[in-house]
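First comes the structure, then the notes that go with it.
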Amino acid sequence: MDIKQTLMEIGLTRGEIDVYLALLEVGTTSTGGIIKKAHVSSSKVYEVLQRLLNKGLASFIVDGGVKKYSALPPDRLIEFLEEKKNKLTKAQDLVSEILPQLQKKQKEEPKASLYRGMKGIQELLNLLIDSGGKEYISYGSMQDESDSKKIFIEKLHKTRVKKGIKARILLPHSLEKLGKKLESFGKTNVRLTETGFKELTETAICGNKVAIIMWLEEPHGFLIEEETAAQSYMHFFDKLWEIAGSPVRILYGREGPLIALNETFAEGEKGTELFGYGTDEDDYHIQYPKELAEYTSKMKEYSVNWKLLFGKGFKAQDKYSEKRYLPRGLTAPVRTLIYGNKVAIVDFTKPFTTIIIDKKSVADAYKKQFKHLWNMAKK
């Protein structure tokens, strides 16, 4: 066994090792003898000797006014390690006492991880049901029900049920059969969307974890571990859950907001009053300046009447709508358009998501909310 390597592993530096071994071989000697034997510089020898003295591995005597040093017996190394061990044990106890306080001070940072392939997706979703959450929710779907996917999904939800975790799941009509199978396991409530989600992506939330899965030929999944993010996705899901079963369209991409805008014009031509509110500023003006300019140029010709709410300080571009302003902070992160019996909720964060609900009772409820805000707002 290499002596120097062993001494280094127990905490001695290279300089300390050279001086210590020199003292063992030479015996009691002055610094001159140490410098010659250990090949250490005169500027460093006193510093190294002091460290060996502090560690209890060397001693000195004064002979004729000259300090002479010697190494303590090698079995002193065992005592040195015992002392070191005791100090570490005490330090560990002290750290354990203050650890809860340090953890409270630490800012939680979002953690994101990537998983690939079916085995990766299996690991990802198993992490969700092991998160300690009391409810598992998901929306979106896989592209197909291949045997391997079906077996895994059914096994996952059987395990979830055994753990006592309830589930709410939104699926397109194309996966109605799978939904009934999942409900048969118990603790599972499935709702079907009228036109469905694109059968490519799936989002699942449980506890403080969010899984976003792309069901490609080789599936990819992202795991986000952050309480605020999980609550945000949960809130969005709750809104979708409320309107599931109503005639609803969910559109992804830049085309969705334009479809909703064109529908408002068709309704406005009939003389129906239109309402818009939500974001502090006009995201249509930011994202679709050309299309909005064409729209507003036709408003007067076709007698299209809008009432619009924005955040205080924003100046809308069109001249023909009636506008009022709310204090910033009372608005919402999405733009809501109400026209006839329809409500369009437009999220302009990428990827753009547009939800169009065609239900009179829902539209009436949104109109009532709008009128309340309108009465609070200022011109």
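From the list Ala167, Ala230, Ala266, Ala244, the lone residue that is free of Cβ contacts under 8 Å to residues at least 12 places away in the same chain and among the aliphatic types (A, V, I, L, M) is Ala266. Put simply, of Glu218, Glu227, Glu202, Glu183 the only residue that is under 24 Å from the mean Cα position of the chain (by Cα), over 21 Å from Arg116 (Cβ atoms) and outside the structural domain of Val346 (by TED's automatic domain parsing) is Glu227.
In segment 118-137 there is at least one residue that is over 21 Å from the mean Cα position of the chain (by Cα), loosely packed, with under 13 Cβ neighbours inside 10 Å and either outside any strand (DSSP E or B) or not assigned by TED's automatic domain parsing to the domain that holds Lys163 (or both). The numbered conditions (1) hydroxyl-bearing (Ser, Thr, Tyr); (2) surrounded by fewer than 19 Cβ atoms within 10 Å (Cβ to Cβ); (3) more than 15 Å from Tyr320 (Cα to Cα) are all true for Ser297 except (3).
Within segment 336-379, the set of residues being under 25 Å from the mean Cα position of the chain (by Cα) and modelled with pLDDT of 90 or more comprises Ile345, Val346, Asp347, Phe352, Thr353, Thr354, Ile355.
The residue that is modelled with the lowest pLDDT, among those in segment 262-281 that are crowded, with 19+ Cβ neighbours inside 10 Å and among the aromatic types (Phe, Trp, Tyr), is Tyr277. Among the residues of segment 173-194, those identified as under 23 Å from Leu251 (Cβ atoms) and part of a helix (DSSP H, G or I) are His173, Ser174, Leu175, Glu176, Gly179.
Lys312 meets the conditions (1) touching a Leu at 6+ places or on another chain (Cβ under 8 Å); (2) within 15 Å of Glu255 (Cα to Cα) in every case but one. The failed one is (2). Number of residues in segment 74-117 that are touching a residue at least 40 places away in the same chain (Cβ under 8 Å), more than 30 Å from Lys55 (Cα to Cα) and more than 17 Å from the chain's Cα centre (by Cα) equals 2. The conditions of being modelled with pLDDT of 85 or more, farther than 23 Å from Leu114 by Cα and either assigned by TED's automatic domain parsing to the domain that holds Lys134 or not in a strand (DSSP E or B) (or both) are met by Val161. The C-beta contact set for segment 290-314 (first residue assigned by TED's automatic domain parsing to the domain that holds Ile338 and in a loop (DSSP other than H, G, I, E, B), second residue acidic (Asp, Glu) and buried (at least 16 other Cβ atoms within 10 Å of the Cβ), distance under 7 angstrom, 6+ apart or interchain) comprises Phe314/Asp280; Phe314/Glu281. Does any residue of segment 61-77 turn out to be surrounded by 12 or more Cβ atoms within 10 Å (Cβ to Cβ), of a type outside the set (Ser, Thr, Tyr) and assigned to a helix (DSSP H, G or I)? Looking through segment 61-77, at least one residue is surrounded by 12 or more Cβ atoms within 10 Å (Cβ to Cβ), of a type outside the set (Ser, Thr, Tyr) and assigned to a helix (DSSP H, G or I).
Considering only segment 25-43, state which residues are in contact (Cβ under 8 Å) with a residue 24 or more places away in the chain and either assigned to a strand (DSSP E or B) or loosely packed, with under 13 Cβ neighbours inside 10 Å (or both).
Matches in segment 25-43: Gly27, Thr29.
The values are calculated or read from the model by the stated rules, or taken from the named source; none is laboratory data. As the structure is a prediction and not an experimental result, all values here were calculated from the model. Every residue, glycine as well, gets a Cβ built from its backbone with ideal geometry; the counts of neighbours run over all protein chains shown.
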